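Data block below; observations after.
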Amino acid sequence: MSGDLLLKGFEVELFTGRPDGTVVGCSPAAAAALDGFVTEPDHRNLEYITAPDARYQRQLELLLEPRRRLRAWLAQRGLTILPGSTLSLGDSHRFERSNPDNPYHDYIETTYGTQVVTASVHINLGLTDMEALFAACRLIRCEAALLLALSASSPFLDGVATGAHSQRWLQFPLTPPEVPLFSSHGHYIAWVEEQLASGAMQNVRHLWTSVRPNGDNRPHGLNRLELRICDLITDPSLLLAITAYCELRIHQLLADPAGHDPQIASQLSPKELADLADANDRAAARSSLQASLRDWRTGEPILAADWIGRDLEALTPLAKELNLSATLAPLQAVLSGGNQAMRWLQRMAQGMPIATIVALSAEAMAQREEALNAQLATDAPSPLG
């Protein structure tokens with residue numbers, strides 16, 4: 001029932017390096033050689049973007065095809081794609097510019113340094129009605145911590161465990177540091193113009209928050225919600241499961257705004273909701289599924305894993321209606337077995353060196369992609385919607 005589904009697309013940031021887990025930057029050369037890849041300010045990671053398409057099966061192919069080309073190009077240089085969202089094995093003490101002549105990159109390096117040298121995935125969901133878009137931004141902002149809890153994959157930095165499950169989100173500079181829960185499109189336009197005038201934002205793209213409205217002519221021309229909080233999700237099937245979870249919550253909201261729009265359904269004020277969302281994000285970054293969060297409806301505490309489980313149970317009828325039950329299935333494995341950060345930390349607790357953990361996970365990432373590519377090549381029945 002793809003006609004009922006939202007358009008979706010992904011911005012995927014990746015680290016490149018040697019099979020032993022050592023990060024090696026090559027983004028300018030890769031972007032020059034390969035269509036669809038672009039550089040980041042630091043050349044140790046690069047990005048590709050999938051075209052908008054509502055179908056989950058089509059997005060699986062769009063996620064895999066660029067990686068096939070990238071892996072072939074990297075293999076010729078003895079390199080591979082690395083898992084994780086931070087410089088797990090180092091070196092975060094120096095910035096390695098991809099374009100020394102770019103003045104915006106000058107600003108990034110001078111202002112933030114290697115805090116921004118991370119890999120992640122941004123999930124875009126199409127919404128062209130402004131009332132629906134900003135209601136969805138409010139809902140997903142208040143539940144973004146749940147999506148980070150499922151995706152956390154950055155417990156290491158410079159060869160040591162940081163004590164967090166998502167070091168990336170704790171170190172990434174949220175900009176501006178306080179972002180309100182936007183009540184309307186007009187509120188968003190006025191706020192952005194104020195930030196630009198004060199210099200708090202350098203340009204319309206310089207809004208680095210967990211969730212933001214997006215479009216080709218910001219702040220006026222908007223057509224999608226962009227979820228920015230997730231760590232890199234190496235398994236495309238899990239990425240699509242997290243996306244389906246997010247999309248289903250938006251469908252619930254669209255069907256019943258009074259029950260799911262925090263601006264209507266919460267006992268808290270807009271300022272309290274924004275503060276609660278930011279605090280939940282930090283808690284999820286530290287402890288992911290084990291984090292104690294506060295429910296935006298009442299402010300009462302709830303474990304992240306319990307909140308997600310409660311949602312998935314409530315979403316069961318809608319998932320069946322939209323043929324997304326199988327697409328959601330990988331989330332149960334995360335709830336029972338832990339996300340990537342938790343599995344990595346468990347291996348470390350058992351005595352495995354961090355370098356070995358990263359290297360084995362890089363190999364497993366490649367093998368998982370090979371299995372999914374084989375499934376697509378044989379036109380095997382897909383569990384995706």
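Bear in mind these aren't lab numbers, they're just calculated from the coordinates by the rules spelled out. What you see is a predicted model, and the numbers here were worked out from it, not measured in a lab. Cβ coordinates were reconstructed from backbone atoms using ideal geometry, including for glycine residues, and neighbour counts include every protein chain displayed.
So here's what we get for this one:
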{"read-out": "Ordering of 44-51, 203-210 by packing [mean C-beta count within 10 Å, highest first]", "value": "44-51, 203-210"}
{"read-out": "Centroid-to-centroid separation of segment 190-220 and segment 264-312 [C-alpha atoms, Å]", "value": "25 Å"}
{"read-out": "Net length gained if the chain between residue 267 and residue 75 were fully extended (0.36 nm per residue, minus Cα distance)", "value": "63.7 nm"}
{"read-out": "Student exercise, the chain dipole from Lys, Arg, Asp, Glu Cβ charges, in Debye to nearest 20", "value": "620 debye"}
{"read-out": "The chain, helix-only ellipticity at 222 nm - DSSP H runs n ≥ 4, -39,500 (n - 2.57), divided by all residues, nearest 500", "value": "-15500 deg cm²/dmol"}
{"read-out": "Neighbour-count ranking [beta-carbon atoms within 10 angstrom, fewest first] of 224, 310, 58", "value": "310, 58, 224"}
{"read-out": "Residue-span extension gain [residue 312 to residue 99] - 0.36 nm each, minus C-alpha spacing", "value": "72.3 nm"}
{"read-out": "Residues with amide H under 5 Å from that of residue 303, placed H, sequence gap 5 or more", "value": "293"}
{"read-out": "Vicinal HN-Hα couplings computed from phi for segment 208-219 (Karplus, 6.51 cos²θ - 1.76 cosθ + 1.60; Hz; Gly/Pro x)", "value": "9, 9, 4, 9, 8, x, 9, x, 7, 9, 5, x"}
{"read-out": "Packing-based ranking, highest mean first, of 61-74, 255-268 given that Cβ atoms within 10 Å are counted", "value": "61-74, 255-268"}
{"read-out": "Additional length obtainable on full extension of the chain from residue 254 to residue 111, 0.36 nm per residue less Cα span", "value": "47.5 nm"}
{"read-out": "Exposure proxy order (Cβ contacts within 10 Å, fewest to most) of 12, 160", "value": "160, 12"}
